[in-house]
Amino acid sequence: ATPTVDEETVTGVLKRHNWTDIGAVVDVTGSMAACYAQIDQWLALSHTNKLVQYFVFFNDGDNKPNKDKVIGSTGGIYAVHTNEGIAKVLTTLDTAKKNGGGGDGPENDIEAIIYTIGNCSTCENIIHIADNQATPRDLILLDEVTKPIKVIVCKYIPGTLVNPKLLDIAYKTGGSLHTLDLDIETLGSLKVDDTIQVGTGTYRLDVTGFIRIA
């Protein structure tokens, strides 16, 4: 079978970069079902080349009603060190998927990122496999993120538009954003009112973050 765009994205991004000691933060809410093949590839790769040290899977609160979700403590976060073995990694992923579909659209991405950094001091490269079609509800927590975040965009078809909030995560943490065919690694040099072309979209940086203008 021909690999999908999502399947090719992770392998493509990894081949272009020499990242090691990775902490991988992975959205496994229901809307990410299209990306599970991508996640499976990661698991296989991490097992083979030992580049990933730590996986954190998040499902936005274990089916908690939306009204009960509190910023910063929504929960539904499942973590596993890869040296515990591939079987443990797979069961952890499975539990995270089974225990919650996420409910509403917004997710607790930043909470999961902060958890990853706090629990893996040896993770040098924090990679966030993000849903291009969902906006994190907890962007207000970005100031608490202490490492650059490498955002890998899932559910992005080349030629479509990148969610500006994912650009914000990369920019505000001094990180980068990656798709199948793009590596946006110069966000840190932008100043307010600068514009950047990402795929077919043009984005302007204002004081709050990126806004798509074309």
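What share of all Cα pairs of the stretch 126-214, in percent, falls into each consecutive 10 Å distance bin?
P(r) for the stretch 126-214, in whole percents per bin: 17, 58, 24, 0.
Using the Cα gyration tensor of the stretch 31-82, with a ≥ b ≥ c the square roots of its eigenvalues, what is the shape: rounded (a/c below 1.5), prolate (a/b larger than b/c) or oblate (neither)? Don't skip to the answer; put the middle values down first.
Values: a/c = 4.46, a/b = 1.96, b/c = 2.28.
Oblate, because a/c is 1.5 or more while a/b does not exceed b/c.
Nearest 5 is fine: what % of DSSP beta bridges in the stretch 5-186 come out antiparallel, could you say?
Once the DSSP bridges in the stretch 5-186 are tallied, antiparallel ones form about 25 percent.
Report the semi-axes of the equivalent ellipsoid for the stretch 66-214 in whole Å, largest first, where each axis is √(5λ) for an eigenvalue λ of the Cα gyration tensor.
27, 17, 16
What is the spin-label model distance, in nm, from Val192 to Arg16 if the labels are put 7 Å beyond Cα along the C-beta direction?
3.1 nm
Can you bin the stretch 1-159 into rounded, prolate or oblate? Criterion: square roots of the alpha carbon gyration tensor eigenvalues sorted a ≥ b ≥ c, rounded for a/c under 1.5, prolate for a/b above b/c, oblate for the rest.
The shape class here is rounded.
Any read-out appearing in this document is the output of simple, stated calculations on the displayed coordinates, not a laboratory observation. As the structure is a prediction and not an experimental result, all values here were calculated from the model. Methodologically, a virtual Cβ is constructed for each residue, glycine included, from the backbone with ideal geometry; neighbour enumeration extends over all protein chains shown.
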